[in-house]
1. Could you check how many residues of segment 172-200 are assigned to a strand (DSSP E or B) and either modelled with pLDDT under 95 or over 24 Å from LEU60 (Cα atoms) (or both)?
2. Which residue is modelled with the highest pLDDT, if the candidates are limited to segment 204-223 and must be basic (Lys, Arg) and over 17 Å from ARG104 (Cα atoms)?
3. Is there a residue being within 17 Å of the chain's Cα centre (by Cα) and more than 25 Å from ASP89 (Cα to Cα) anywhere in segment 195-213?
4. Between a residue in segment 219-246 that is touching a residue at least 12 places away in the same chain (Cβ under 8 Å) and of a type in the set (Asp, Glu) and any residue that is surrounded by fewer than 13 Cβ atoms within 10 Å (Cβ to Cβ) and part of a loop (DSSP other than H, G, I, E, B), which pairs come within a Cβ distance under 9 Å, given they are 6 or more apart or on different chains?
5. Among the residues of segment 89-130, write down those that are part of a loop (DSSP other than H, G, I, E, B), under 29 Å from THR185 (Cβ atoms) and either open to solvent by less than 30 Å² (accessible area, probe 1.4 Å) or in contact (Cβ under 8 Å) with a residue 24 or more places away in the chain (or both).
6. Of everything in segment 172-201, what is in contact with a His (Cβ under 6 Å, 6 or more places away or on another chain) and open to solvent by 10 Å² or more (accessible area, probe 1.4 Å)? Give them in sequence order.
7. Quick check on segment 155-171. Is at least one of its residues crowded, with 16+ Cβ neighbours inside 10 Å and assigned to a strand (DSSP E or B)?
8. Just the residues that are in a loop (DSSP other than H, G, I, E, B) and out of contact with any Lys or Arg (no Cβ under 8 Å at 6 or more places or on another chain), please, taken from segment 62-82.
Amino acid sequence: MLIALVVPSVCLGGQDDPDKADAAQAAAPKNDNDASAPEEAPQQAAAELPRPKPDIAPQLVPALPTIPWRHDRHAFGFTSINTKPLPKDKEGIWALDFAYKPVRILTVEIPGKGRRNVHYLYYKVVNRTGTPRTFVPQFIMVNSSGQRFEDVVIPQAVPLIQAREDPTIAVRGAVNIMGVVPPSTKKGVDDAVFGVATWDNWDTKADRFSIYVRGLSDGYKEIANPSGEKPIVRYKTLRLDFIRRGDERNISEKEIEAGDPPYDWVYW
């Protein structure tokens, strides 16, 4: 009769002892490449990365270059506007200084239209508010019956007008006049922007007309809407009044005179 003896295996070095194995593993040196090593804290890693530079806010309209205009310089033909606040103005509104010459007429060759008599208003703007101001002007000619004529883009007329008024001063038309007017802070000198509004269509029969200039102020007021809908917004607008003495056949700029009074601030 054979009897089988089962002899337990001898533990060499404690490898099969669970308690000793755990102790050995804990005592073993850590490997830098060990996947079980804890990762670096995300906050610490993010703090060490270089931060991107903050984005610069985009400028919707460019800064307009200015022309130095000395106070003692002879300003022949210009009419300066009084920009003092009106009793009906809200407190804290601003207004740009504005000066203009009488409406004049120039014959211009316009592509697709031929030779046209172009009415134009030559002006200069100065910002004395102490803060840069956005200037997006609108010039609307209105005859005595209320018909409106918007100023139009006539690139061919701008260099001709500059040559006639003052060749040394760059003048801007409807395309490039929109921008930010920097504040004028020098003593005895204005940092001025010169521009021109042009029309190739108007009422030749009108003996009176006005030009409404918007964009010189941030003033506005709301009035009740008769229909009961949203209130109607009126903007502080400069109105220039003119008288034209003559007929519709012989058009001449010498027949155009300033009204009496020549201008007024209105909410329009």
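The values are calculated or read from the model by the stated rules, or taken from the named source; none is laboratory data. These figures come from a predicted structure and were not determined experimentally. Cβ atoms come from the backbone with ideal geometry, glycine included; neighbour counts cover every protein chain shown. Ligands, DNA and RNA are excluded from the accessible area calculation, which covers all protein heavy atoms including side chains. Shrake-Rupley method; radii C 1.70, N 1.55, O 1.52, S 1.80 Å.
1. The total comes to 4.
2. Here the answer is ARG214.
3. yes
4. As it stands, the answer is GLU222/LYS230; GLU222/PRO231, since those pairs meet every condition given.
5. ASP89, LYS90, ILE93, TRP94, LEU96, LYS101, ASN127, ARG128, THR129, GLY130
6. GLY188
7. Checked against the condition, which is being crowded, with 16+ Cβ neighbours inside 10 Å and assigned to a strand (DSSP E or B), segment 155-171 yields no hits at all.
8. PRO62, PRO65, THR66, HIS71, ASP72, ARG73, HIS74, ALA75, PHE76, ILE81, ASN82
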